[in-house]
1. Compute the semi-axes of the equivalent ellipsoid of region 1-99, taking the square root of 5 times each eigenvalue of the Cα gyration tensor, and list them largest first in whole Å.
2. In whole Hz, what ³J(HN,Hα) sequence does region 159-167 give by Karplus (6.51, -1.76, 1.60; θ = phi - 60°), x for Gly and Pro?
3. Per residue of region 65-70, what does 6.51 cos²θ - 1.76 cosθ + 1.60 with θ = phi - 60° give for ³J(HN,Hα)? Whole Hz please, x for Gly and Pro, Karplus curve as stated.
4. For a quick check: with amide H placed at 1.01 Å from N, whose amide H comes under 5 Å from Ile11's, ignoring anything fewer than 5 positions away on the same chain?
5. ³J(HN,Hα) across region 171-186 via Karplus (A = 6.51, B = -1.76, C = 1.60, θ = phi - 60°), whole Hz, x for Gly/Pro?
6. How about Lys220: which aspartates and glutamates have a C-alpha closer than 18 Å to its C-alpha, ignoring those fewer than 8 places off in the same chain?
7. Taking only C-alpha pairs under 8 Å that are 6+ residues apart, what is the relative contact order of the chain in percent?
8. At a 10 angstrom cut-off on C-beta neighbours, averaged per residue, how do the peptides 84-95, 48-59, 211-222, 160-171 rank from highest to lowest?
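A short reminder: the numbers here are calculations on the coordinates, not readings from a lab. All values derive from a computational prediction rather than experimental measurement. Virtual Cβ from ideal backbone geometry, glycine too; neighbours counted across all protein chains shown.
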Amino acid sequence: MDNKKNKPVAIVLTCYNSGIHLALAIESIINNTKYPWKLILIESESTDGTNLVCDNYASKYKNIRVIHTKKEGITKATNVGIKAAGELDVYLTQDDVVLPNLYERDWLTVLVEASRLKKIGAVSTFGGGGVSGPECLDGFKWVGTWSLFLPRKTIKKIGLFDENYSPGPYDDIDYSIRLAKAGVLILIADFWVDHHRKTNNFNDKLKDVYTKNSKYFKKKWGIK
């Protein structure tokens, strides 16, 4: 694949109070792929200086853009990034994900090439998802928004993420079901692209949101 002849991939990275993780995540993107990319940082009213980290990188790199939004959750932030990407294919990741070159191959080039295989409409990687429990659709294999490559044709077919799940979770499980029902095949690349670390944003404060979203999920999909 001649990378110079290909449109860049829009890497959408949502961030909020990312601490030291964000700079590491951005640097891992800059240093570990030669495929043309545009990084879109969606920052949402951070109080720890994350907004300044975003602005600093955007001022130094022409292919890095930051969009400051209201704090309304990762689902809405992800949609802002997808829309800002225009007609470009999109790779979704998050502020606590490091993208190392573990196998001496260009991770983004591999994902793009995989997405062009016949009948493939999305690409994820080892560790890029999970299996849902009884709070959603028990035993359903889904792909997450921290390691998901979506060609623009797939986005046009499936649409954006359901913002009724904001601020999250279960939006990615919902999207995976929509992909499956539309007959879109998801390829799981046979290597680890990311190291996903839980930050302070993962906590028990969201327990009520989990319950609310679980009820919405089951009602939407007719699950008792």
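1. Result for region 1-99: semi-axes of 22, 15, 11 Å.
2. x, 7, 6, 6, 6, 5, 8, 4, x
3. 10, 10, 10, 8, 10, 5
4. Placed amide hydrogens put Lys38, Leu39, Ile40, Tyr91 under 5 Å from Ile11.
5. 5, 6, 5, 4, 5, 5, 5, 4, 4, 5, 5, 8, x, 8, 7, 9
6. In chain and number order, the partners are Glu135, Asp138, Asp162, Glu163, Asp171, Asp172, Asp174.
7. Values: 408 pairs, mean separation 49.2, N = 224.
The normalised contact order for the chain reaches 22 percent.
8. Details: 84-95: 21.3, 48-59: 17.2, 211-222: 14.8, 160-171: 19.7.
So the order, starting with the most tightly packed, is 84-95, 160-171, 48-59, 211-222.
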